[in-house]
Amino acid sequence: MKENILTAISTTMIFIPWTILPLRTNAWALESPTAEIMIFSYAIFMIFSGILTIAFYFKVKVQSNLMKLCLVINSLYAIFGTMAVLQIIQRAL
């Protein structure tokens, strides 16, 4: 039961970053301070979801086929989120 809940959490985390697309269709989301805050927030969430999925997979030993897929996708999200945060930090300096 615990493994199913953790797998559901990781699976849900795959789809949340895609919610930025409908938000970015609004004019207020394209303005300068809001856009940076949104991108930074989504990037931090992507990093968090990658770390959490890695912890579920290796520490808690939830190793189903769906969890393996979540591990790959959320790890890629974490890598791209880290790159986005580093670009934001580099631009601020």
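Just a few scattered comments:
- Criterion (surrounded by 14 or more Cβ atoms within 10 Å (Cβ to Cβ), in a helix (DSSP H, G or I), aromatic (Phe, Trp, Tyr) and under 11 Å from the mean Cα position of the chain (by Cα)) met by exactly one of PHE48, PHE15, PHE56: PHE48
- Of the residues making up segment 30-44, at least one is free of Cβ contacts under 8 Å to residues at least 12 places away in the same chain and either under 26 Å from LYS2 (Cβ atoms) or not in a helix (DSSP H, G or I) (or both).
- For segment 33-75, the candidate set comprises residues that are hydrophobic (A, V, I, L, M, F, W, C) and in contact with a Gly (Cβ under 8 Å, 6 or more places away or on another chain); within that set, the residue that is farthest from PRO22 (Cα to Cα) is ILE47.
- Residues in segment 8-47 that are hydroxyl-bearing (Ser, Thr, Tyr) and either in contact with a strand residue (DSSP E or B) (Cβ under 6 Å, 6 or more places away or on another chain) or more than 28 Å from LEU71 (Cα to Cα) (or both): THR25, SER32, THR34.
- Residue that is surrounded by the fewest Cβ atoms within 10 Å (Cβ to Cβ) [pool: residues in segment 65-93 that are out of contact with any helix residue (DSSP H, G or I) (no Cβ under 6 Å at 6 or more places or on another chain) and closer than 13 Å to THR7 by Cβ]: ASN65
Coordinate-derived values only; no laboratory data. Quantities reported herein were computed from a predicted structural model and do not represent experimental measurements. Neighbour counts run over all protein chains shown; Cβ positions are idealised from the backbone, glycine included.
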